[in-house]
DNA sequence: TCCCCGTTAGACAACGTTGTCGCTTGGTGT
DNA sequence: ACACCAAGCGACAACGTTGTCTAACGGGGA
């Protein structure tokens, strides 16, 4: 900037005025400065600019999702990107992979980078460590799982209701031996979906067979093994509720491997691309990712605009998407 | 920092020393400073720090992909994230959506933010506008499509070979009426794949029916309509080569809608999750996204470390992944 | 006792900007 | 001819840090 000023024969401040399109610069000076800037390949430095003026605002948002390459994460991320773009905010994105340490170190890094707001699908059990940032006024919205240990905005889906919806759907079709394949029970979403499953049984005065409930499945491979084992039981399940997208894929694979994809009913949680083209089409409990992203952006932007209202807790309803796999009847009624 | 210094009864510089773990600070002073920092919720400001010391380095990378929510984009992005994390670099990510204006404005923004390096799947026809950044030493690696108008590092897949591979596979099975559904011909990848298609025909001394070649398909809906129309021809294709992942999905949907998924062969370009579980399994030309990301990171990091070697052009071989849909024979030979 | 030296800490300027204020210029009204 | 005013531009300090240089201190050797 100093060099541009020298070349244009003006002061630093005048270059700044031109760069920021401030008024009170004569057209001739403006043009001289612009020519000098072009000749010298001058590029405005946003970091320095923000340091001086925006009282520390950087025009960037931190977004911590479970896994950028997972379709749920990346859909939500994309929705947030769209909203952020309308506001001229850049997105610093990273994956957490259910790793609490990674969450803490990434948050620390983002805070140090002075992101204007934080969006996170948490991995850790408690987020007390964020209390000071919250007090300091860092806008913060949680997705998919509510915070524990602090109170801040969040947007989640009604997992209990989703689990109940899935289970009721299968019970209504006559299934009585419904298996559940789920992630670690200490994960909020997994616990909720499982609770919904139990509720649905209870509502009919029935009780599920505990032997058919498998949790602690951290990845697709574990899910595959679990479903395989279930299908080999002496009295195997007639239906499966897969409580997360990768586990649902695992179930699809396991069923196909045994040639049972048309005999055992399957309902998944989380919709994903191609769920409608596999055969039979996958019946799932869908989460509206674009609505989630929209809500998250709405809450975050309100905070950015200075809202100090008490935290909003948005709980979106999941929907049952019927496509075929969930409508396979139990053998007895065939 | 000033407040921390005051509370600890030391100078600014000493706080800086403690924060940066510099030597020559007595344990007692160190502890006093740390306590003061904790009490005041002090957070180091990376932007200011970098402004002063790193000669402008921000410890961040810009990554512009076609669409964060697309499986190809997000897989590559995830690979780059992993590599960036090992180096302590943050990733600023955004989607281009085949929009040249958006590309230019996002690049401008990233430059202004002083990212240390730029990774991009370009949308524009020419990237001359980046010449000055390149001269200025901004490390830059292109993915998926090589740059035009400038010469810099890039990592692409051999699209011609991929197109030929797909087509040869179908020709070898006896198909002679192979349709192509493709994106705009001016897109590098689309053109290459189409050229590979033509090459395969030529190698056998055959020539394709131009009526079966449809390009300019920008999205899934367009692909769906195109495949529908192809199937309704008086003399319809016996096989389809879908030259991009969303078009392949479109083809799958269109075929399923007509109940032809087991009669018309299909080979896609780009692998994606679930391609193996649909029926019949999708035969595709696969790109190794993690290898792409690895290579990109390798090239970019070499530049970050000061390499001024002339640009590397990495062309990775695609592979044919046989799963069933591409092995459906033409009606005549059945 | 004195001097030297290593350790520890502070003063000051600088990184690339912009907010504030003040100065010069030239035109307007009387 | 004079006061007055707005437009146009520059000097200076500040944003939150850190590199450089220097000063104070205390301990050990002669």
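Readers should treat all values here as calculations from the given coordinates under stated rules, not as data from a laboratory. Predicted model, so just to flag it, every value in this text is computed and none were measured. Quick reminder, even Gly has a Cβ in these numbers, built from the backbone with ideal geometry, and neighbours come from all protein chains shown.
For the stretch B:186-334, the calculated P(r), taken from all Cα-Cα distances in 5 Å bins from zero up to the bin holding the longest distance, is 2, 8, 16, 19, 19, 13, 8, 6, 4, 3, 1, 0, 0 percent.
For chain A, modelled as a Gaussian network with Cα springs under 10 Å, which listed residue fluctuates most, A:139, A:280, A:210? The residue that fluctuates most here is A:210. Among the residues of A:275-288, the average count of other protein chain beta-carbon atoms within 10 Å of the residue beta-carbon is 2.
When you restrict to C-alpha pairs under 8 Å that are six or more residues apart and normalise by the size of the stretch A:2-44, the relative contact order lands at 44 percent.
Among A:46, A:89, A:299, the largest mean-square fluctuation in a Gaussian network model of chain A (Cα springs under 10 Å) belongs to A:46. For the stretch A:146-272, the alpha-carbon radius of gyration amounts to 1.04 times the rule-of-thumb value 2.2 N^0.38 Å expected for a compact globular protein. Placing one equal scatterer on every Cα of the stretch B:43-136 and applying the Debye formula, the log10 ratio I(q)/I(0) at q = 0.11, 0.12, 0.18 Å⁻¹ is -0.34, -0.41, -0.87. Looking at the P(r) of the protein assembly as shown, how many percent of alpha-carbon pairs lie beyond 41 Å? That fraction is 37 percent.
Give me the distance between the Cα centres of the stretch A:66-140 and the stretch B:132-147, rounded to whole Å. Their Cα centres are 28 Å away from one another.
Once you sort the root eigenvalues of the Cα gyration tensor of chain A as a ≥ b ≥ c, which label holds: rounded (a/c under 1.5), prolate (a/b larger than b/c) or oblate (the other case)? Prolate, because a/c is 1.5 or more and a/b exceeds b/c. Which angle between 0 and 90 degrees, to the nearest 10, do you get for helix A:100-112 versus the longest principal axis of chain A when only C-alpha atoms count? Roughly 20 degrees, rounded to the nearest 10.
Counting 0.36 nm for each residue step from residue A:128 to residue A:233 and taking away their Cα separation leaves a gain of 33.4 nm.
Sorted on the mean count of surrounding Cβ atoms within 10 Å across their residues, most packed first, peptides A:94-102, A:167-175 read A:167-175, A:94-102. Picking from B:54, B:38, B:131, which is most flexible by a Gaussian network model of chain B using Cα springs under 10 Å? Comparing B:54, B:38, B:131 in the GNM, the peak value goes to B:38. Max-minus-min Cα coordinates of the stretch A:203-283 on each principal axis give 35, 28, 25 Å, with the largest extent listed first. Inter-part distance, the stretch B:26-42 to the stretch B:230-291, computed on C-alpha centroids, equals 63 Å. One way to sum up the overall shape of the stretch A:2-44 is the equivalent ellipsoid from its Cα gyration tensor, whose semi-axes run 14, 10, 9 Å, largest first.
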